[in-house]
Amino acid sequence: MSFESENHAEAYWKENLRLMFTLLSIWALVSFGCGILFVDELNAIRVGGFKLGFWFAQQGAIYVFLVLIAVYAYKMNQLDRKYNVHEDHDEAEEAEPVLEEKFGQ
Amino acid sequence: MDIQTLTFIIVGMTFALYIGIAIWSRAGSTNDFYVAGGGVHPLANGMATAADWMSAASFISMAGLISFMGYDGAVYLMGWTGGYVLLALCLAPYLRKFGKFTVPAFIGDRYYSQTARTVAVICAIFVSFTYVAGQMRGVGVVFSRFLEVDVTTGVIIGMGIVFFYAVLGGMKGITYTQVAQYCVLIFAYLVPAIFISVMMTGNVIPQIGFGSELADGSGTYLLDKLDGLSAELGFTEYTSGTKSTIDVFFITAALMVGTAGLPHVIVRFFTVPKVRDARKSAGWALLFIALLYTTAPAIASFARVNMIDTINGPDAQGTAYTEAPSWITNWEKTGLISWEDKNEDGKMFYSGDDRNEMKIDRDIMVLANPEIADLPAWVIALVAAGGIAAALSTSAGLLLVISTSVSHDLLKRNLMPNISEKQELTYARIASAVAVCVAGYLGINPPGFVAQVVAFAFGLAASSFFPAIIMGIFSKRMNKEGAIAGMLSGITFTAAYIIYFKFINPAGNVPENWLFGISPEGIGTLGMVINFVVAMAVARVTTESPQDVQEMVANIRFPKGAGEATAH
């Protein structure tokens with residue numbers, strides 16, 4: 001176990017899951033919500049030449065996806081550091097034996 | 001210089017580039033061959049992933065499909081990008097930490113079962129072959145139009161090139177060639193889009209251009225003109241679709257989940273040095289993909305307006321066939337456009353009702369677009385090179401998955417565990433050589449329509465791999481009985497549904513007959529749900545996974561201590 005304690009491992013995993021589910025809710029909201037289920041309602045709103053629902057379906061959702069991955073990568077790096085489970089050269093030397101040694105055949 | 005000479009020069013130059021890279025990056029070990037030595041920078045890996053991902057279908061067919069489908073085309077746009085969010089958040093980092101070469105290796109180890117590994121190998125090979133057949137077809141189309149050789153010769157030339165760098169360089173050769181191919185294909189895609197956007201709307205950025213006013217001084221928005229034209233000509237309004245909401249929902253979900261479950265996409269994240277890089281790399285990949293995917297709907301709407309305007313003429317009464325622009329006559333030769341003078345007025349007319357006299361294949365829109373918009377010849381040649389780059393890069397990635405599955409998962413881990421690394425590498429090369437030949441054969445004699453075959457690959461990936469991997473990471477208790485039962489029931493259901501409607505009873509493939517109104521393209525989503533439900537039910541009544549496996553799962557959930565991806 002690379003964590004300082006069982007509690008740490010649990011807390012790290014919980015925070016990870018919370019972040020993941022938050023981001024996935026936004027993911028579902030912009031694509032399945034704005035782009036598909038509520039597309040007709042949103043189409044009543046116009047931004048320039050775009051009907052908003054149409055824009056979400058063919059443009060907006062993709063931009064949001066990009067932001068979501070960027071936020072995830074950034075936040076997870078912070079979380080890794082907070083619980084001291086990040087990968088770095090100085091730690092690599094005293095790191096746990098890699099998986100292959102433990103479970104390999 | 002005429003278009004054909006230019007095309008030969010530009011395509012020839014790109015081929016020389018790919019071969020040069022292949023020689024420079026020969027693979028020396030299985031590690032090089034399978035995962036490029038695990039030392040690819042996340043940015044380069046993102047680019048390679050994007051090229052790997054964006055196939056002939058994305059480059060050649062997608063904008064054309066959207067052009068004819070309007071709003072409904074969003075299923076491809078969201079479906080084929082949204083999967084990367086799932087990959088980045090739920091799969092890539094954990095699979096990278098796990099640190100093996102292949103998806104079947106993960107399934108086999110996580111579910112401590114040779115049977116699970118074998119099921120996964122078969123799924124991987126099947127999915128990859130269905131997918132690769134479509135790519136070779138794309139190469140053939142490009143060759144036959146622009147180099148005026150027949151499709152068979154085109155496919156053979158394409159296979160020769162792929163053979164060279166895939167067999168020689170493995171993942172290492174493929175990755176660096178794909179970086180070059182990405183640059184070629186994105187440049188080839190954006191240049192005509194920007195040209196046309198400026199011509200039609202005065203806006204340099206196509207993504208904004210297609211929501212702008214037309215540059216003809218009328219003050220109408222492009223999309224409004226398109227909606228108006230569609231209404232006049234008896235099509236559905238461009239910005240609303242014809243598919244039912246439930247079908248759009250299920251197709252989008254199937255494509256998203258399928259993307260995240262495709263072995264040739266997942267394996268890309270084994271090639272980066274760290275878990276951190278796997279997350280980042282998914283972001284880079286999506287950025288590079290989004291460049292093309294947000295441009296595609298712009299091209300689609302530009303092309304549609306242009307096409308209707310040139311065929312129906314400025315007065316919307318039709319253009320005399322004798323004055324037909326050269327792109328129509330050029331493409332008539334390939335049989336992808338045809339005109340039948342129903343009212344015998346000598347004029348071509350295009351519409352969505354019985355006045356229609358034109359048959360236009362969707363696949364030509366991107367390739368013909370520069371000709372329709374009267375762009376310079378070098379742009380047209382560039383698009384040909386881009387189409388070939390897209391098809392080659394994807395085929396190479398798929399061939400690698402096939403050869404890895406055979407040499408590593410099937411031979412090394414199943415049938416001949418005692419072979420040395422050198423022998424394994426030889427087998428990997430033989431397997432990819434055989435795969436190239438099979439793919440070439442499938443490209444020359446394609447099984448049914450390419451699009452149907454691709455729908456198959458996504459449905460199967462969505463209903464087999466995705467749930468098995470997700471549960472393998474997020475549920476420590478999930479055991480082999482559950483995973484195997486889940487994969488088998490998901491894939492059987494999905495395959496049966498698709499085969500029934502696509503091959504046994506294609507005449508009955510109408511919304512009235514579909515289960516809950518879900519088309520075969522979207523059924524993978526339901527297959528995935530079945531997989532999850534069956535797996536959890538079976539796992540509940542069988543013994544939970546052994547302690548060492550549960551520890552392994554705990555171990556892949558944090559980055560620290562990730563080694564290089566390894567074989568053993």
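Would you compute the Debye intensity of region B:73-123 from its alpha-carbon atoms alone, equal scatterers and no solvent, and pass along log10 I(q)/I(0) at q = 0.28 Å⁻¹ to two decimals? Reported log10 I(q)/I(0), two decimals: -0.95.
Near the amide H of B:F235, within less than 5 Å, lie the amide hydrogens of B:G352, all on another chain or at least 5 residues away, with H placed in the peptide plane. Taking a point 7 angstrom from the Cα of B:I9 along the C-beta vector, which residues in region B:374-397 have backbone N less than 12 Å away? Those under the cut-off are B:377-379, B:381-382.
In region B:311-369, Cα pairs under 8 Å separated by at least six residues give a relative contact order of 33 percent. Against chain B, whose longest principal axis comes from its Cα atoms, helix B:74-86 is set at around 30 degrees.
In this structure, B:A16 and B:A537 have a Cβ-Cβ separation that, at R0 = 45 Å, corresponds to a calculated FRET efficiency of about 0.20.
When only Cα pairs below 8 angstrom with a gap of at least 6 residues are kept, chain B shows a relative contact order of 29 percent.
The length gained by stretching the chain between B:V510 and B:I208 to full extension, at 0.36 nm per residue less their Cα-Cα distance, is 105.1 nm.
Note on A:32-44: average number of Cβ atoms from other chains within 10 Å of each residue's Cβ is 3. Bridging of B:K225 to lysines at a Cα separation below 16 Å is possible for A:K51, once same-chain residues fewer than 8 apart are set aside.
Across region B:311-369, the fraction of Cα-Cα pairs farther apart than 19 Å, rounded to a whole number, is 24%.
Compute the long axis of helix B:480-499 from its Cα atoms, compare it with the longest principal axis of the Cα atoms of chain B, and write down the angle in degrees, 0 to 90, nearest 10. In chain B, helix B:480-499 runs at an angle near 20 degrees to the longest axis.
Over the residues of chain B, the helix contribution to mean residue ellipticity at 222 nm works out to -22000 deg cm²/dmol, using -39500 (n - 2.57) for each DSSP H run of at least 4. Once the Cβ-Cβ distance of A:L17 and A:N77 is raised to the sixth power relative to R0 = 25 Å, the FRET efficiency obtained is 0.90. Principal axis extents of the C-alpha atoms in region B:425-558 (largest first, rounded to whole Å): 50, 49, 24.
Take the Cβ-Cβ distance between B:F474 and B:T245 as r, set R0 to 25 Å, and report the resulting FRET efficiency rounded to the nearest 0.05. Computed FRET efficiency for B:F474 and B:T245 comes out at 0.25. Note on B:D2 and B:R355: the extension gain reaches 123.4 nm, defined as 0.36 nm multiplied by sequence separation minus the Cα-Cα distance. Calculate, in whole percent, how much of the Cα-Cα pair population of chain B lies beyond 48 Å. In whole percent, the long-distance tail amounts to 12.
If you take all other residues with their beta carbon under 14 Å from the beta carbon of B:E357, and give Lys and Arg +1 and Asp and Glu -1, the sum is -3. Computed from Cα positions, the angle between helix B:42-53 and the longest principal axis of chain B comes to roughly 60 degrees.
Counting 0.36 nm for each residue step from A:Y63 to A:A44 and taking away their Cα separation leaves a gain of 4.7 nm. Taken along the Cα-to-beta-carbon direction at a fixed 7 Å, the label points for B:S338 and B:D216 span 3.1 nm.
The ellipsoid that matches the Cα gyration tensor of the protein assembly as shown has semi-axes, each √(5λ) in whole angstrom, of 42, 27, 23, with the longest given first. Listed by chain and number, the lysines whose alpha-carbon sits under 25 Å from that of B:K333, ignoring those within fewer than 8 places in the same chain, are B:K342, B:K347, B:K359.
Counted by Cβ distance under 10 Å from B:D341, the other residues give a net charge of -2, where Lys and Arg count +1 and Asp and Glu count -1.
Laboratory data are not the source of any read-out in this text; all were calculated from the coordinates shown. What you see is a predicted model; the values in this text were computed from it and never measured. Every residue, glycine among them, receives a Cβ derived from its backbone with ideal geometry; neighbour counts consider all protein chains shown.
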